[in-house]
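Here's the structure, in structure tokens; my notes come after.
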Amino acid sequence: MNETDFKNRIYIDPFTADKEILDSAASNPILQEILNQTQKMDEDIRGIMDAVETPDGLKEKLLAIPQTDETESASEKTSKMLAERPAANSSFFQYFAIASSLMLALGVTFSLTYNSGPSSAEIAFGNEVINHLYHESVEIEAINSGLSLDLVAMPMVANAMTGIGTRLVSNSFITKIPVRFAKPCIIIPAYDSVHLMIEGSEGAVSVFVINNSPVSIEYKINDDRFNGIVVPMSNGNMILVGEANEDLGEYKQLFSDNIEWVI
Amino acid sequence: MSDIPVLYGSNKKQRYESLVAALYQDVFRYALWLCKNKPLAEDLVQETFLRAWRALESLQNDKAAKAWLFTILRRENARLYERYRPELVDIEGQAIAERDENEPDFKMDRELLHNAINRLESEYREPLLLQVIGGFSGKEIAAILDLNNNTVMTRLFRARSKLKVEFGSEDPGPAAEQPTD
């Protein structure tokens with residue numbers, strides 16, 4: 001084996017167990033020296049990596065994640081319960097519940113950031129979604145004017161969902177909704193997203209699911225024409241956008257309950 | 001190296017704890033090389049393990065745990081850059097400075113190598129670090145980086161060639177005749 005061939009092989013894997021490589025090195029001092037130098041360089045790189053010390057307390061923070069995650073889920077459930085139970089609005093219950101929530105919040109030690117509203121990046125993300133709608137205006141106008149009457153078959157909807165790492169837990173709910181459009185789309189480069197259009201009471205309602213980082217808080221988006229809502233999910237976001245007067249609450253509930261992420 | 005089982009225990013929490021204990025240091029080191037900022041790397045690692053915890057049931061083959069974590073980490077890093085681009089301080093020399101080496105020559109060589117790795121284009125640096133830090137095979141690196149196997153081989157070859165050239169132990173000429181991507 002000549003020197004060039006030898007280098008071509010060991011530069012890919014200096015610690016190869018390939019007998020041909022090892023025999024060549026054993027019988028040729030020059031090749032052996034090249035092998036030794038290349039292996040030493042890898043050991044030095046590994047040494048540099050090992051010299052990086054992990055921050056104090058990082059392991060403990062990571063080990064605390066299961067407990068913290070459960071605490072957050074409990075806190076979310078408490079908030080949801082309060083929102084869904086108007087009968088429980090006695091002032092005593094309210095104060096008790098607020099105090100409980102505060103206690104839960106104080107127990108959260110994991111360094112996630114909680115904001116009172118969406119960040120500027122999240123607002124920009126919402127704007128991107130609305131901008132995207134104007135690229136699909138032909139489809140939207142076709143639905144709004146009643147020209148688009150074709151229903152997308154369920155396998156097509158399922159296929160579009162699968163493409164971004166999600167699936168519908170139950171197909172039955174969506175069979176009751178006229179889906180006119182279901183395609184992969186690009187809202188943010190490098191992230192997969194799917195765009196469904198269903199027929200709402202005021203016209204087309206777009207449902208986007210994108211596998212970018214979940215937003216910190218659910219928030220509304222709108223412009224002169226559209227209104228929408230960005231909903232964080234476990235591994236991405238769902239965005240619903242319809243015409244200004246469209247009531248999105250029912251759709252939000254339906255899709256939130258039925259979309260499951262599959263990593 | 002990457003196929004060592006790391007998930008022990010009879011329940012999800014125990015399996016998660018064994019995953020953390022076995023791999024959190026390598027995940028942090030890789031995160032630091034990816035984002036070049038310690039606080040950010042720490043956040044990335046926490047976010048990575050949070051997602052790992054939530055999706056632990058989906059990890060069917062525990063031998064693939066390390067590749068799985070590194071894939072989540074790379075995705076989180078990309079998300080971070082999508083949301084905002086913080087000003088980064090290059091880690092040049094920081095890692096070296098942390099270890100108290102008594103041999104100045106040894107330390108200088110390591111610093112030179114460290115800087116040379118930093119200067120590598122990311123397309124060459126990433127597969128090299130995945131191989132050295134992660135112990136991943138070419139196929140595993142190809143899967144993590146979403147490249148084909150030949151491209152990974154070529155990039156590994158070029159990464160080491162470039163480092164050798166930096167150190168003057170390699171003529172930049174003939175060894176650069178590897179197949180193209």
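Observations
- Between A:PHE15 and A:ASN144, the simple spin-label model (points 7 angstrom out along Cα→Cβ) gives 6.2 nm.
- What you get for the range A:7-47, charging only the Cβ of Lys and Arg (+1) and of Asp and Glu (-1), is a dipole of about 60 debye around the Cα centre.
- Phi-based couplings in Hz for the range A:126-136 (Karplus 6.51, -1.76, 1.60; Gly and Pro marked x): x, 4, 4, 5, 5, 4, 4, 4, 5, 7, 10
- Our summary of shape: the Cα atoms of the range B:12-83 have principal axis extents of 30, 21, 18 Å, ordered from largest down, in whole angstrom.
- Residues A:ASP69 and A:LYS183, FRET efficiency given R0 of 41 Å [Cβ-Cβ distance, rounded to 0.05]: 0.75
- In this rough spin-label picture, where each label sits 7 Å from Cα along the Cβ direction, the B:LYS13-A:GLU3 distance is 6.2 nm.
- At an R0 of 25 angstrom, the distance between the Cβ atoms of B:ARG119 and A:LYS40 translates into a FRET efficiency of 0.80.
No lab work stands behind these numbers, since they all come straight from the coordinates. Here the structure is a predicted model, which means the values were calculated and not measured. A quick note on method: Cβ atoms are made from the backbone with ideal geometry, for glycine too, and the neighbour counts reach across all protein chains shown.
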